[in-house]
Amino acid sequence: MTELTAGRAPAVVLRGVAKSYDGKRDAIAEMSLEVGHGEFVVLLGPSGSGKSTIVRAIAGIERIDRGSIEIFGRQVAGDRLHVAPEDRGVSMVFQDYALWPHMTVLDNVAFALKRAKVGSRDRKEKASEMLARVGLGGKEGRYPGELSGGEQQRVALARALVGHSGLVLFDEPLSNLDADLREKLRLEIATLTRETNASVIYITHDQAEAFALADKIGVLAGGRLIQMGEPEDIYQRPVNPFIARFTGLAGELAGKVLANPAPGLVEVEVPSASAVLRARMVGRLEPGDMATVALRPFALAISDADEPSIEARVLDVAFRGRGYEHALALGGNVISSVFCAERHPRGSKVSISVDPAGCLAFSEAEEVAVAAVHDPAADGAEDEAIAFDLTEYAL
Ligand code: ADP
């Protein structure tokens with residue numbers, strides 16, 4: 001919280017919010033969270049985890065069954081109260097842009113100011129300024145149908161942010177755009193929302209997007225908020241194996257705990273790699289317990305053979321511009337996203353060193369607890385994020 005925002009009501013407070021579409025299964029189950037004034041919060045989760053439902057409930061498009069929602073200190077939902085979407089002072093950017101097709105670009109943006117009772121000339125001036133800021137100067141007179149997808153999303157962004165320092169909700173705004181455009185627009189969203197001091201809730205299933213944008217990330221699964229924290233926190237201290245997997249692993253190795261050499265650390269014997277690894281402990285692990293060691297991509301390096309290391313074989317190598325990413329066979333396990341400045345050809349033997357800071361050890365009990373909350377059937381096919389590379393981001 002900055003000096004400017006100290007003492008102000010949070011942008012959003014959810015208390016025990018629940019919502020079911022069919023009366024049987026909760027799309028959101030008892031969700032509580034707070035978004036500070038001027039904060040950029042990303043809700044990250046696989047498909048079906050309840051992300052859209054929660055932002056639609058905050059916007060007022062969906063009614064909640066239980067709990068309460070406050071926006072800037074004012075209750076807008078709860079106890080039979082349901083303030084209409086247009087009276088919540090919230091703007092929203094959708095995946096499919098949702099522009100008014102019969103209005104020019106300028107009018108699309110200026111219309112958002114009408115509600116704020118800004119005079120007609122001022123509206124056009126402010127809208128025009130905002131359009132210039134999103135790189136659409138000169139296209140004010142066009143209709144949405146005459147613009148590319150990226151340009152249309154820029155109009156939607158301008159409309160959401162014009163004259164607005166309130167709450168802006170983003171529902172997967174980049175998912176219909178090409179990769180290079182996505183990157184550009186992501187940067188624009190990050191800078192413009194902060195320049196206008198908007199408070200933001202942004203939902204995505206894309207981990208890289210979440211880590212790049214967020215002041216805070218909330219990870220959802222099965223309609224529940226599993227962990228909320230700063231990106232570094234989520235990455236370094238995931239509370240369970242689901243969060244670790246969903247935020248990017250190079251691979252996992254099964255083993256048995258030998259010792260607790262220091263507080264928070266375990267030594268795990270991994271027979272398939274003929275190795276003993278040091279790992280940070282998530283939950284409780286005692287000597288003799290079976291454990292899974294989850295490896296962050298940054299933990300692995302292809303090293304000089306004379307260092308203490310583990311033998312592996314190169315399965316695949318991919319050129320990534322700044323170097324090469326290798327997939328390795330380690331015993332019966334596949335370890336991916338192992339970065340190296342040099343190319344190691346397919347089939348060659350390499351030695352890898354492992355940094356304990358990027359190794360996380362979980363107990364079997366943790367896996368069972370995760371399976372109980374996390375319903376893979378509801379998560380669709382998008383839950384494939386195992387080999388996501390956060391090496392640039394990592395320590
Ligand atoms: P996400 O945005 O994370 O993909 P949703 O909020 O869309 O998740 O969905 C959460 C759960 O609610 C899913 O099981 C989904 O099938 C269900 N759901 C979403 N919208 C509806 C709807 N309009 N009617 C019935 N079920 C729905």
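A few comments on the model shown:
- Residue-averaged [θ]222 nm for the chain, counting only DSSP H segments that reach four residues, each worth -39500 (n - 2.57): -7000 deg cm²/dmol
- Using only side-chain charges placed at the Cβ, +1 for Lys and Arg and -1 for Asp and Glu, the dipole size of the stretch 170-326 relative to its Cα centre rounds to 340 debye.
- Spin-label model, Glu86/Lys114: points 7 Å from Cα along the beta carbon direction are separated by 0.9 nm.
- Dipole in debye (nearest 20) - the chain, about Cα centre, beta carbon charges: Lys, Arg +1; Asp, Glu -1: 1420
- Net length gained if the chain between Ser175 and Arg25 were fully extended (0.36 nm per residue, minus Cα distance): 51.3 nm
- Net dipole in debye of the stretch 87-246 [+1 Lys, Arg Cβ; -1 Asp, Glu Cβ; about Cα centre; nearest 20]: 540
- Length released on extending from Glu125 to Val276, taking residue separation times 0.36 nm less the Cα-Cα span: 47.8 nm
- Axis angle, to the nearest 10 degrees, between helix 120-133 and the longest C-alpha principal axis of the chain: 20 degrees.
- Helix 364-373 and the longest principal axis of the C-alpha atoms of the chain enclose an angle of approximately 20°.
- When only alpha carbons are used to place a centre, the stretch 74-91 and the stretch 262-284 end up 49 Å from one another.
- Global form of the stretch 74-206, assessed from the alpha-carbon gyration tensor, a/c cut-off 1.5: oblate
- Under 15 Å, Cβ to Cβ, from Val118 - net charge with Lys/Arg +1 and Asp/Glu -1: +4
- Computed from the C-beta positions of Arg322 and Asp79 and an R0 of 51 Å, the FRET efficiency is 0.40 to the nearest 0.05.
- The value of relative contact order for the stretch 249-373, using C-alpha pairs under 8 Å at least six residues apart, is 30 percent.
- A cut-off of 5 Å between modelled amide H atoms, ignoring neighbours fewer than 5 places along the same chain, links Val162 with no other residue.
- Label-point separation, Ala18 to Ile61 (7 Å along Cα→Cβ), nm: 2.5
- Each of Glu188 and Ala357 was given a label point 7 Å from its Cα along the Cα-to-Cβ line. The distance between the two points is 3.6 nm.
- Here the Karplus relation 6.51 cos²θ - 1.76 cosθ + 1.60, evaluated at θ = phi - 60°, turns the backbone of the stretch 25-42 into coupling constants of 10, 6, 6, 10, 10, 6, 9, 10, 6, 10, 10, x, 4, x, 8, 10, 10, 9 Hz, with x for every Gly and Pro.
- Relative contact order of the chain, defined on C-alpha pairs under 8 angstrom at six or more residues apart (%): 16
- Here the gap between Ser32 and Arg8, fully extended at 0.36 nm per residue and compared with their Cα-Cα distance, gives a gain of 6.7 nm.
- Note, ³J(HN,Hα) from phi for the stretch 337-354, Karplus 6.51, -1.76, 1.60, rounded to Hz, x at Gly and Pro: 6, 8, 8, 8, 5, 9, 8, 10, x, 4, x, 6, 8, 9, 9, 10, 9, 10
- Helix axis angle, 179-195 relative to the chain longest principal axis, alpha carbon, degrees: 60
- Cβ-derived FRET efficiency at R0 25 Å, Ser148 paired with Met103, nearest 0.05: 0.90
- Positive contributions from Lys and Arg (+1) and negative ones from Asp and Glu (-1), summed over other residues with Cβ under 14 Å from the Cβ of Arg88, come out at 0.
A short reminder: the numbers here are calculations on the coordinates, not readings from a lab. From a predicted model like this one, the values you see are computed outputs, not experimental measurements. Positions of Cβ are generated from backbone atoms using ideal geometry, with glycine treated the same way; all protein chains shown enter the neighbour counts.
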